[in-house]
Structure formats: C-alpha cells, structure tokens
Amino acid sequence: MSGSEFKSLSSGVCVCVCVCVVCVCVCVCVCVLQIDEEVAKLLELKAQLGGDDGKHQFVLKTAKGTRDYNPKQMAIREKVFNTIIGCFKRHGAETIDTPVFELKETLTGKYGEDSKLIYDLKDQGGELLSLRYDLTVPFARYLAMNKITNIKRYHIAKVYRRDNPAMTRGRYREFYQCDFDIAGQYDAMIPDAECLKIVHEILSELDLGDFRIKVNDRRILDGMFAVCGVPDEKFRTICSTVDKLDKMAWEDVKKEMVNEKGLSEEAADQIGEYVSMQGGRDLAERLLQDPKMSQSKQACAGLSDIKLLFSYLELFQVTDKVVFDLSLARGLDYYTGIIYEAVLTQAGVAPVSNETQQGAPAEESVSVGSVAGGGRYDGLVGMFDPKGRKVPCVGVSIGIERIFSIMEQKAEASAEKVRTTEVQVMVASAQKNLLEERLKLVTELWNAGIKAEVMYKKNPKLLSQLQHCEESGIPLVAILGEQELKDGVVKLRVVATREEVRSIHTMSQPSLTGRERERERENY
C-alpha cells in the first residue's frame, strides 16, 4: 500500500469515526430526553397517588357499577321483594340456590354476543371460573346434574355483568334477579301464559304505572329472516341487531345490518316492514295468511302458538296489557320459542330517553325500559346432559333494580314517611331510676312476640323518648312511672296524637290469671 493510499484510508476512517461518535451522542441525548420525560410523568403520577412516604392515597368508594343501600332504601327493597316472593309462592313455586360462580365452560356459548360481559375470575387451583351472568343457565345446569325433569321454582340472587352501568336507570354490574321458571313436559302455552300472568300480577301490585308486555317467538323471527333472504349463518347476529330496536332508531339498526353485518339493503328493508307490526291474535292470524311468512314452517308453528297463547291469556284476564310485537328479539342464544318483555310506558317515572324505538319523539308516553323478560328455552338443559336429553323450560326474570329505582323516586316524591323498623311499642319511663323496670317490661314484650324497643340510657327524658318514636315511626309508647308500678299497670299512649288509650296490667302482676295474662298480651 502506498503512502498516499494509506493517508486516504486513514482520513476516511477518521471521518466515519467522527460521524459515528456524533450519531451516538445524538442518540444518547435523545434517549436521555425521553427518559427525563418518562421520569417526569412517573413523578407526576406519584404525586397524584401519594407523597414521598410511599403510601398509596386510598380513595374510599364502592366499585364501579355497585352501590350501598341505606335503611330507608332497604325498607323499600324489602317491600318489593316481599311482593314478588308472595306472587311466586301464590303460583306454587319452590325455591333453590346455586353458587355465585360457575365453571367458565358452563357459561360459555350460552349468551351470544353478550358473552363478552361475563366476569372471569383468576385461576385458583386449576379451575377456570366465571361469575354467573344470570340465574337461568345455572338453573339448567342444576336440572341436568340432578336429573330433574319437572319443577316449578323461583330463585332470587345477585348476578354480575361487565356492562357500562347506568345507575340512575337501575343498570348495575352487580344486581339482583328474581326468576320464576317452569320445567317439564306440559301441554303447549299453558306454562307460558302463567309466566305472563305472573308479570301482570307483580307489576299491577307494585303500582309502578302503565305497562305493556310484548310477546314474540324465536321461530317467527327465524322464519321471518329466512323469507327475507337472510343467510342461515347470519340469523343470530341479525337477531342481536333487531334486539336493539328498543334503544335505536330503525335507520340506525338498518345501517348496522347493512354496513357492519353485511346484509343486503333489500333484505333489511323487508325485515323493516315486519318488525314495525304490532297487534294481538288478529295479527297472528293475518301473518299466517301472509304470502311470505306462510312459506316458513317455523314461522307458522310460532304463529299458531301465539294464537293459542292469547286464548289462555284471555282466560287469565291479562290481554289488556299484552301485545304481539315482531320487533321483540331478546338476543340470548338459548331461547327456542315464545319470548316476552315487560316495559313501563308512563312518562316521567324515571330519567330516560324521550324517543320511541323508531326515533320519533313520543307524544303521550315513553318507554322507561324493560322491567321483566323471559321466554322458552327447551334446549338449554340438554346442553349439559351427557346424552343430550332435553327438559322443556319456560320462565321469566323480574328486573328488581329497575323497579327499585322507580319505587325509590316515588318514595322521595311522596310525603309519606318510610319506616325502616317494625317496632310496635317503645317502653319509656317518666321518672328516673326505672331502668330495671323498663328492661323487665321490654323482656316480657319480646317473650310474647311483640316488637319492642327501649332506650339505652339509665335516665332518659320522656320528651327525647317520644321524639325517638316520632322519628322512627313507632306508633305506641308504654310509659312506666312510680304510681303505675304500685298499681301494676303501664300507660299506653298513641305517639301521633299523644292520646292515652288505656292502662294495661303488666304481665307479671300476680293477681292476673293465665287467661287474663294472655288477654292482656293480645291487647298489645
């Protein structure tokens, strides 16, 4: 290599080295700047979470989609529960209970597109578990496990859904369901009609306002999709879109069918003609003569059952609130026949959208959401049976949280005081040093099955005892005094009027016979 070549090579190497050094310096500077930015972000986040002592700044609150209930709210809930349970028992149902979580495999594939709302639990000891989404699938699993072929049962328990909560409208991530189901092989539509009768009774007794019970049949829907040109593989996904008609305008539903689900505009328009239809038994008869619907055996079978259902509903005297509505879909995969849903239609009961399902403003009333729903699911139990043996089932679920939200608003708007206890009488004293006597008397009342209360003070003032009665809604107060003790009686006073109704012998007074003592106990 010549000297000139060596110099040329050396200068080239130097230039490359210099360039590399500059690049490295630039990269290092960029990395340092990025690190500084990330450190600044972390320090800012640390400042939000807590101070330099490393302690986390805990925010005391309930988890998203859950809530606490105070005594007043629980009193209202108890009234609602008692009404519902009373109706279930009146119809001869017995109750069961199932675990709050199930094997994930038990719940998988039962809810269609709603499966994404299931809460999965972390793996604990090898079992993949999920919180129950509803009470129906666990009930079907219970029937299959225990080889039960007929039962009329009710079940009231909490379920969990990873949904976007709307707390003011009674939609939570943790909430109660009140289910009534009839399992067994019976003549068509009789159990189905009884389920609708139960919904009618409960909503009427709770006095929530005007309501409507919409009915349809999954076989009618499937037949309608078939004659409208929907491919078989799109039935379920199109059904879930139709199910949104109570929340979306038809134009938006159609757009989802065409743009997102790949349905032709012609098929969507034909579906639109049918889902706008509402009526009663006359609509079922008319559709049986429809040139398109009459081509589907499935649809004809469903329409015949709708006719039969309405004949039983007439006998049960509930047709005034029931409407055959072809837009009702209910997206759950396990329904096989009749489906139904109850909605409140009285305006101003709860804060909701002021649009109808077609998107036009409502003039007289507005749907305030579903408060009950259900249907027939003849194939669900067979999914859990090793031999695929089916147990026909039909049931209804009452939306207790939705109902409670409305009842709570009505209670707040009313001047009527909600009692949070059931105490019948307060044992009070007008003078000091009578604690023992008060405790003896309240013990006698408790032993006699009377709901009674006493203040936890040695010498409470009579006025404060009466004020406690007024605040708690306790109707009666039994007042002890020195003279009353000598006479072996107590004064019984009506709290609201301060009127003394009578003096009653104490139960322990020796002069009373057993029969007289029992009579005095009844007088309380």
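Side notes on the structure shown:
- Selection status of Lys110, without any contact (Cβ under 8 Å) to a residue 12 or more places away in the chain, assigned to a loop (DSSP other than H, G, I, E, B) and either in the same structural domain as Cys239 (by the TED database) or crowded, with 19+ Cβ neighbours inside 10 Å (or both): no
- So Val418, is it of a type in the set (A, V, I, L, M), outside any helix (DSSP H, G or I) and either modelled with pLDDT under 95 or not assigned by the TED database to the domain that holds Phe81 (or both): yes
- Some residue of segment 153-161 being farther than 16 Å from Val396 by Cβ, touching a Pro at 6+ places or on another chain (Cβ under 7 Å) and part of a loop (DSSP other than H, G, I, E, B): no
Residue-wise test of (1) within 21 Å of Asp114 (Cα to Cα); (2) touching a Phe, Trp or Tyr at 6+ places or on another chain (Cβ under 9 Å); (3) aliphatic (A, V, I, L, M).
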| residue | (1), (2), (3) |
| --- | --- |
| Asp252 | yes, no, no |
| Ser264 | no, no, no |
| Ile271 | no, yes, yes |
| Gly280 | no, yes, no |
| Gln298 | no, no, no |
| Ser304 | no, no, no |
| Gln317 | no, no, no |
| Arg330 | yes, yes, no |
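- Residues of segment 499-518 include none that is assigned to a loop (DSSP other than H, G, I, E, B), at pLDDT 90 or above and over 21 Å from Lys72 (Cα atoms).
- The set of residues from segment 113-136 being in contact with a helix residue (DSSP H, G or I) (Cβ under 6 Å, 6 or more places away or on another chain) and assigned to a helix (DSSP H, G or I) comprises just one member, Glu113.
- If you go through segment 189-210 and keep only what is closer than 26 Å to Ser276 by Cβ and at pLDDT below 95, you end up with Gly209, Asp210.
- Qualifying position, being out of contact with any helix residue (DSSP H, G or I) (no Cβ under 9 Å at 6 or more places or on another chain), over 30 Å from Phe180 (Cβ atoms) and basic (Lys, Arg), among Lys440, Lys457, Lys387, Lys451: Lys440
- Scanning segment 389-415 for residues that are aliphatic (A, V, I, L, M) and not in a helix (DSSP H, G or I) gives Val391, Val394, Val396, Ile398, Ala415.
- Within segment 176-219, being outside any helix (DSSP H, G or I) and either among the β-branched types (Val, Ile, Thr) or farther than 29 Å from Ile76 by Cα (or both) holds for Ile182, Ala183, Gly184, Gln185, Tyr186, Asp187, Ala188, Met189, Ile213, Val215, Asn216, Asp217.
- Considering residues of segment 419-449 that are over 40 Å from the mean Cα position of the chain (by Cα) and hydroxyl-bearing (Ser, Thr, Tyr) only, the residue nearest to Leu476 (Cα to Cα): Ser429
- Taking segment 134-168 as the range and being in contact with a Phe, Trp or Tyr (Cβ under 6 Å, 6 or more places away or on another chain) and aromatic (Phe, Trp, Tyr) as the test, the residues that pass are Tyr154, Tyr160.
- Enumeration of residues in segment 367-388 that are among the hydrophobic types (A, V, I, L, M, F, W, C), surrounded by 20 or more Cβ atoms within 10 Å (Cβ to Cβ) and either at pLDDT below 85 or in a loop (DSSP other than H, G, I, E, B) (or both): Val368, Leu380
- Within segment 450-498, tally of residues that are part of a strand (DSSP E or B), under 47 Å from the mean Cα position of the chain (by Cα) and either at pLDDT below 90 or of a type in the set (Gly, Ala, Ser) (or both): 2
- Flag if Glu314 is assigned to a helix (DSSP H, G or I) and modelled with pLDDT under 95: no
- Filtering segment 234-247 for residues that are part of a strand (DSSP E or B) and either surrounded by 17 or more Cβ atoms within 10 Å (Cβ to Cβ) or in contact with a Lys or Arg (Cβ under 6 Å, 6 or more places away or on another chain) (or both) leaves an empty set.
- For first residues located in segment 113-128 and among the hydrophobic types (A, V, I, L, M, F, W, C), partners that are not in a loop (DSSP other than H, G, I, E, B) and lie 6+ apart or on another chain with Cβ distances below 6 Å form the pairs Ile118/Leu107; Ile118/Ser130; Leu121/Leu129; Leu128/Lys104.
- Scanning segment 458-475 for residues that are surrounded by fewer than 18 Cβ atoms within 10 Å (Cβ to Cβ) and farther than 21 Å from Lys72 by Cα yields Lys458, Asn459, Lys461, Leu462, Leu463, Ser464.
- Among the residues making up segment 273-310, those that are surrounded by fewer than 20 Cβ atoms within 10 Å (Cβ to Cβ) and free of Cβ contacts under 8 Å to residues at least 40 places away in the same chain are Glu273, Asp282, Glu285, Arg286, Leu288, Gln289, Asp290, Pro291, Ser294, Ser304, Lys307.
The values are calculated or read from the model by the stated rules, or taken from the named source; none is laboratory data. The model shown is predicted, which means the values in this text are computed figures rather than measured ones. Note: ideal-geometry Cβ built from the backbone for every residue, glycine included; neighbour counts use all protein chains shown.
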